[in-house]
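The values are calculated or read from the model by the stated rules, or taken from the named source; none is laboratory data. It should be emphasised that the depicted structure is a prediction, and the values quoted were computed from it without experimental measurement. Note: ideal-geometry Cβ built from the backbone for every residue, glycine included; neighbour counts use all protein chains shown. We work out accessible area using only protein heavy atoms, side chains counted, and drop any ligands, DNA or RNA first. Shrake-Rupley method; radii C 1.70, N 1.55, O 1.52, S 1.80 Å.
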Amino acid sequence: MRILEFLTSFFLLNILWLLFCLPVMTIFPATVAMYCVIRQWILHKDYSVFRPFIHFFKKNFKLSFLLGLVWLAFAGIFSIDYFLMENLGEFQSILLPILTIFGTLFLSISSFIFSTIANYNVHFMSAIKNSLFFSVRYFPTTIASIFLLALCVLFVLTWSVTFFFIFSVYAYVNYLLCYRVFTKISAVQPE
């Protein structure tokens, strides 16, 4: 019976997340709420979905909304630069490595940012700095998270039915990977 409850929770969390993402500007607050619910599942073995999701959505709305604006602006600028690069001629060889570095950093930080916000009560810039530190210091975890995301996108494109549960499953596994990093760091912190 516990397994069925657990699987149902994934489905419900995914559907709730999708509904809260419908107004596109709430994607980041909904994603942070999903990660907070998953954190609760892992730490407290409490598999409730609706009330915690609403609570975390409201609690983290301002921080995650601002982060979403910054992330969307950065992704937009990055995409425009990348597509305009074809018209730069000889400057393309200079700009491509710079864009590659910034793109890699952006993806690396993104692999930790939601777990960091869910796990720590930090401000906007601290979340970004901590995520950067985690992603560089624990690069294999970063690569695993990015690979996992690519695999989930492949699943959704191949089997569209996975759309109804894959995002919460990805968030769960991603949080588990990040949580291993958080516990390693807290184990070496002096008391």
- From the option list PHE78, PHE139, PHE102, PHE133, single residue qualifying as over 24 Å from LEU43 (Cβ atoms), modelled with pLDDT of 90 or more and either in contact with a Ser or Thr (Cβ under 7 Å, 6 or more places away or on another chain) or open to solvent by 50 Å² or more (accessible area, probe 1.4 Å) (or both) is PHE139
- Task: Check off (1) open to solvent by less than 50 Å² (accessible area, probe 1.4 Å); (2) touching a Leu at 6+ places or on another chain (Cβ under 7 Å) for LEU16 and give me the number that stays unchecked.
- Result: (2)
- Message: Restricting to the range 26-51, name every residue that is over 20 Å from PHE164 (Cβ atoms), part of a helix (DSSP H, G or I) and touching a helix residue (DSSP H, G or I) at 6+ places or on another chain (Cβ under 7 Å).
- Response: PHE28, PRO29, VAL32, CYS36, ARG39, GLN40, ILE42
- Message: Condition first: of a type outside the set (Phe, Trp, Tyr), farther than 28 Å from LYS58 by Cβ and either open to solvent by less than 70 Å² (accessible area, probe 1.4 Å) or touching a strand residue (DSSP E or B) at 6+ places or on another chain (Cβ under 6 Å) (or both). Can you find one or more residues in the range 107-128 that meet it?
- Response: yes
- Can you find a residue in the range 157-164 that is under 16 Å from the mean Cα position of the chain (by Cα) and part of a helix (DSSP H, G or I)? no
- Just one listed residue, out of PHE182, PHE147, is farther than 20 Å from PHE61 by Cα and out of contact with any helix residue (DSSP H, G or I) (no Cβ under 9 Å at 6 or more places or on another chain), and it is PHE147
- Task: Kindly list the number of the only condition in (1) surrounded by 12 or more Cβ atoms within 10 Å (Cβ to Cβ); (2) without any contact (Cβ under 8 Å) to a residue 60 or more places away in the chain; (3) more than 15 Å from PHE165 (Cβ to Cβ) that fails for LEU67.
- Result: (2)
- Query: Which condition number in (1) without any contact (Cβ under 8 Å) to a residue 24 or more places away in the chain; (2) within 16 Å of PHE114 (Cβ to Cβ) is the one that ASN87 fails?
  - Reply: (2)
- Residue that is surrounded by the fewest Cβ atoms within 10 Å (Cβ to Cβ) [pool: residues in the range 148-180 that are touching a Cys at 6+ places or on another chain (Cβ under 9 Å) and closer than 17 Å to THR8 by Cβ]: THR162
- Do we have any residue at all in the range 165-185 that's assigned to a helix (DSSP H, G or I) and at pLDDT below 90? yes
